[in-house]
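Here is the structure we will look at, set down as structure tokens.
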Amino acid sequence: MNGKSYNFHVGIDISKQSLDVAISTDDKIRQVSNNLLGWKELPRFFPSKDSTLVVIEATGGYEKGVAGWLRKHGWAVAIVNPRRVRDYAKAAGKLAKTDSIDAGMILGFGQHFKPSVQTQESAVQECLGEGMRRRSQLVRMIALEKQHLETSAARSRPGIQKHIRWLEKELKTLEKRLDGVVKSDPELKKKAECLTGIKGVGNTTARSVMVHLPELGQLTGKQVAALAGVAPYNRDSGMMRGKRTIWGGRDEVRKVLYMAALTASRRNPAIKKFHDRLIAAGKVKKVALIACMRKLVVTMNAMIRDGKSWEDKMGVIA
């Protein structure tokens, strides 16, 4: 939460071609095109800028243009997880799904849950985020091509191998460019140096955390663990006491934390000690590793918040 309350709310359902807009001041659903001309129409029927929260559902990147334009022109914008909105719709008994219904549900979700406003990314942050998304695409394509290579006919292999080499070259070039982007921004450079000071955390992990967890350093330990998807939740009912499990959170953050924790549990003395203590206490390996992921992200948050190095924050691991 950003601490500010809003008297009016706007819900926008986004598709590639159009925006369906629901406003708390009336029951009319408006539709505009999802381009600059359409975006410029929105303020004409929005309530007061200072009193309005615009809630937008994340839609595979199609939301970035309108969200960026609105933020640039001073509107408060919250981008929300579509699964949460759909769960809200089901709870409200809205099982049908159309663009206009979705816009109304996004509006209702915003009114009831008052999601946090995200700030406008700087040009450098936007460049880093775009680069990291491209990196993920290249990594996936390389993995797929290597799978194809294993089962392909001999006549197809030279072409696949050529494509793999090209993709790997592209990935290497992109990695260099991403390093340059981080070094060009003093704040990002400082954060990256802080995070990579943790044994087990490399450049890719640091960049992913900075892109997908921009709130790092501004949250409590419990909040950052929940956002990263490594906070355990109770599953109790009546006399039954179920196992605590993790769910939700940001998938990209959880993926890189898993790999970092896997390395740190073997090579980082503090994390290894913590991991081994859990195993000795009877915890299964998966549970111990998730606990290491949680310790890592909580410590990262404390380091960025307090401007401390890994050595200065060793007490957090204890």
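Within region 62-80, count every residue that is surrounded by fewer than 15 Cβ atoms within 10 Å (Cβ to Cβ) and either under 22 Å from the mean Cα position of the chain (by Cα) or over 20 Å from K40 (Cβ atoms) (or both).
Number satisfying all stated conditions: 1.
Looking only at region 92-106, count every residue that is over 9 Å from I12 (Cα atoms) and either in contact with a Phe, Trp or Tyr (Cβ under 6 Å, 6 or more places away or on another chain) or modelled with pLDDT of 90 or more (or both) and tell me the total.
Matching residues across region 92-106 total 1.
For residues that are among the small types (G, A, S) and surrounded by fewer than 21 Cβ atoms within 10 Å (Cβ to Cβ), scanning just region 210-230, find the one that is farthest from A288 (Cα to Cα).
Out of the qualifying residues, it is G217.
Kindly indicate whether S309 is among the hydroxyl-bearing types (S, T, Y), assigned by TED's automatic domain parsing to the domain that holds A228 and not in a helix (DSSP H, G or I).
yes
Report yes if T205 is out of contact with any strand residue (DSSP E or B) (no Cβ under 7 Å at 6 or more places or on another chain), within 25 Å of A291 (Cβ to Cβ) and crowded, with 17+ Cβ neighbours inside 10 Å, otherwise no.
Against the criterion (out of contact with any strand residue (DSSP E or B) (no Cβ under 7 Å at 6 or more places or on another chain), within 25 Å of A291 (Cβ to Cβ) and crowded, with 17+ Cβ neighbours inside 10 Å), T205 qualifies.
For G249, state whether it is in contact with a strand residue (DSSP E or B) (Cβ under 7 Å, 6 or more places away or on another chain), modelled with pLDDT under 90 and outside the structural domain of R83 (by TED's automatic domain parsing).
no
A quick yes/no check of all residues on (1) touching a residue at least 40 places away in the same chain (Cβ under 8 Å); (2) part of a helix (DSSP H, G or I); (3) not polar (S, T, N, Q):
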{"position": "L19", "(1), (2), (3)": "yes, no, yes"}
{"position": "L53", "(1), (2), (3)": "yes, no, yes"}
{"position": "G65", "(1), (2), (3)": "no, yes, yes"}
{"position": "Y88", "(1), (2), (3)": "no, yes, yes"}
{"position": "D102", "(1), (2), (3)": "yes, yes, yes"}
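The values are calculated or read from the model by the stated rules, or taken from the named source; none is laboratory data. As the structure is a computational prediction, the values presented were derived from the model and not from experiment. No Cβ is skipped: glycine too gets one built from the backbone with ideal geometry, and neighbour counts run over all protein chains shown.
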